[in-house]
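The next block holds one structure in the form of structure tokens; read it before the comments.
Readers should treat all values here as calculations from the given coordinates under stated rules, not as data from a laboratory. Remember, predicted model here, so these are calculated numbers, not experimental data. Because the Cβ atoms are built from the backbone with ideal geometry, glycine has one as well, and the counts that use them run over all protein chains shown.
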Amino acid sequence: NNDAQFYGIDVSGSAEVWDSDDVGRFTVFGTLGWVRGRDLSSNENAYHQMPLNTRLTLAHDLDAWSSAVEVIAVADKSKVDNTRNELRTSEYALLNLRTSYALGKARLYFGIDNVFDTAYDLPLGGIALSQLEQNGGRRQEVWGTGRSFIGGLSMTW
């Protein structure tokens with residue numbers, strides 16, 4: 001084990017933006033995270049650190065309907081551990097949409113994650129070993145999930 005130093009921030013909060021009987025309730029939720037680490041023995045960047053990232057959600061509730069628009073943004077990962085051949089990743093932003101409707105004890109759910117089918121590499125995904133042969137031995141980060149359609153039904157009793 002080596003001596004290391006870590007510091008960062010992790011902030012979250014929410015605020016009601018609007019509430020009326022006719023239009024419903026709008027609430028904003030947000031998180032912001034950032035961490036930085038150094039291996040004090042080798043003076044290298046710490047391995048496997050998530051870059052600056054945020055998640056902002058605007059939620060709407062009206063009677064049995066609940067919906068949300070969510071934006072996830074992640075900065076580029078440039079502070080990497082060179083001794084472990086850690087890869088850099090580019091910044092990205094994703095848009096997710098969700099809605100649900102309550103029917104008594106049942107709730108129907110539908111969502112679309114990564115609406116614009118944005119291609120991105122996961123900052124903490126590691127190396128895609130399955131791609132080494134296809135890329136002529138060149139290392140590549142694990143890709144993030146493409147556009148996904150989600151549907152469901154939940155029951156309470």
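Please compute the modelled spin-label separation between Ala4 and Val115, points set 7 Å along Cα→Cβ, answer in nm with one decimal.
3.7
When the expected Rg is taken as 2.2 N^0.38 Å, what fraction or multiple of it is the alpha-carbon Rg of segment 39-82?
For segment 39-82, the normalised Cα radius of gyration comes out at 1.98.
Could you bin all the Cα-Cα distances of segment 1-150 into 10 Å bins starting at 0 and give me the percent of pairs in each, rounded to whole numbers?
For segment 1-150, the pair-distance distribution reads 10, 28, 29, 19, 11, 4, 0.
Compute the relative contact order of the chain as a whole-number percentage, counting only Cα pairs closer than 8 Å that sit 6 or more residues apart in sequence.
16
What is the set of long-range amide H partners of Asp121 at a cut-off below 5 Å, with H atoms built 1.01 Å from backbone N?
The list, which skips near neighbours in sequence, is Ser90, Gly144.
For the ranges 7-17, 142-152, 67-77, what's the packing order if you count other beta-carbon atoms within 10 Å of each residue, average per peptide, and put the highest first?
Per-residue mean Cβ counts within 10 Å order the peptides as 67-77, 142-152, 7-17.
Once the Cβ-Cβ distance between Trp18 and Asp39 is put in as r, and R0 is 35 Å, what FRET efficiency do you end up with, to the nearest 0.05?
Efficiency for this residue pair is about 0.15.
Per-residue HN-Hα couplings for segment 66-71, Karplus 6.51 cos²θ - 1.76 cosθ + 1.60 at θ = phi - 60°, whole Hz, x for Gly and Pro?
Once rounded to whole Hz, the list reads 9, 9, 8, 10, 10, 10.
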